[in-house]
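So the structure is just underneath, and the comments pick up after that.
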C-alpha cells in the first residue's frame, strides 16, 4: 500500500508538486511536512509519498538496485498529479529522494515543469571523489536547490560548481547554518520559489 499525504490548498493556483523523502526517512518527515504546508498555503496541491524502497521496508536505507523502482514510483505519482491539477506539475525531494527525482527528470525530459531539490547529496560525507552528478549534463528541467551551509554531503561552493554541468536554469538557495536536515536554518518556501 502506498503511504501518502495530500495537502489541498484553500485557494488553488492550479499547480501541483510531488514530494518525497530521503534515504533514512519516509514521507511523514518533519521537513517534508513543513515544505508541503508552506507550498500548500501558497496555493499548490501537494502530494507527499513514500518511495518504492520504503514501501517494502519501514526502516533501512535503499540500495542501488532500488533506484529504478523508486523512479518508476515517482513517475506514477507525477502522472496522478497531472490528473489532479490543470497547471504545472513539479517534482521534489529531500536528499536521496531529490536525487532520484533529478535522475528521473534527466531520463524523461518534459515530465515535469521544474524540480525542488532539498539537500541534494552531492557526494557521500568525506568522499568528494564520488560525485553524484553523472546525470547533470542530461538534466533539461529547471531546478531549485535548497542547501544548508553545513551539509556534509557537499558544500555550497561544491554544489554551485556542479550546477554548471546542468544545461537547464538552476537556482541555489543557501540556508545559513543548516545541515543536511535543514533544521537549524530558516528559508522562506513559497510556490514562487519554483518559477
- request: Report the relative contact order of the chain, percent, no decimals, based on alpha-carbon pairs under 8 angstrom and at least 6 residues apart.
  value: 19
statement: Full extension between residue 63 and residue 157 adds, at 0.36 nm per residue less the Cα distance, a length in nm of 31.0 nm
message: Within segment 48-69, name every residue whose backbone N is under 13 Å away from a label modeled 7 Å from Cα of residue 84 along the Cβ vector.
response: 48-50
- prompt: Semi-axes, largest first, in whole Å: what does sqrt of 5 times each Cα gyration tensor eigenvalue give for the chain?
  reply: 23, 19, 17
message: Taking the beta-carbon count within 10 Å as an exposure proxy, list 119, 95 from fewest neighbours to most.
response: 95, 119
query: Separation of segment 135-155 and segment 3-36 by C-alpha centroid, Å?
result: 19
task: Work out, step by step, the length gained on full extension between residue 41 and residue 72: first 0.36 nm times the residue separation, then minus their alpha carbon distance; give nm to one decimal.
output: 8.3 nm
- request: Name all residues of segment 100-133 having a backbone nitrogen under 20 Å from the label point set 7 Å from the Cα of residue 30 along its Cα→Cβ direction, giving them as ranges.
  value: 118-120
- line: Pseudo-spin-label distance residue 183 to residue 128, built 7 Å along Cα→Cβ, given in nm, is 2.7
task: Show that you can apply the helix-only estimate: for the chain, add -39,500 (n - 2.57) for every DSSP H stretch of four or more residues, divide by all residues, and state [θ] at 222 nm to the nearest 500.
output: -8000 deg cm²/dmol
- line: Note on the chain, DSSP bridge orientation, antiparallel percent to nearest 5 equals 15
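A short reminder: the numbers here are calculations on the coordinates, not readings from a lab. Since this is a predicted model, take the numbers as computed values, not measurements. For neighbour counting, all protein chains shown are included, and Cβ atoms are generated from backbone atoms with ideal geometry for every residue, glycine included.
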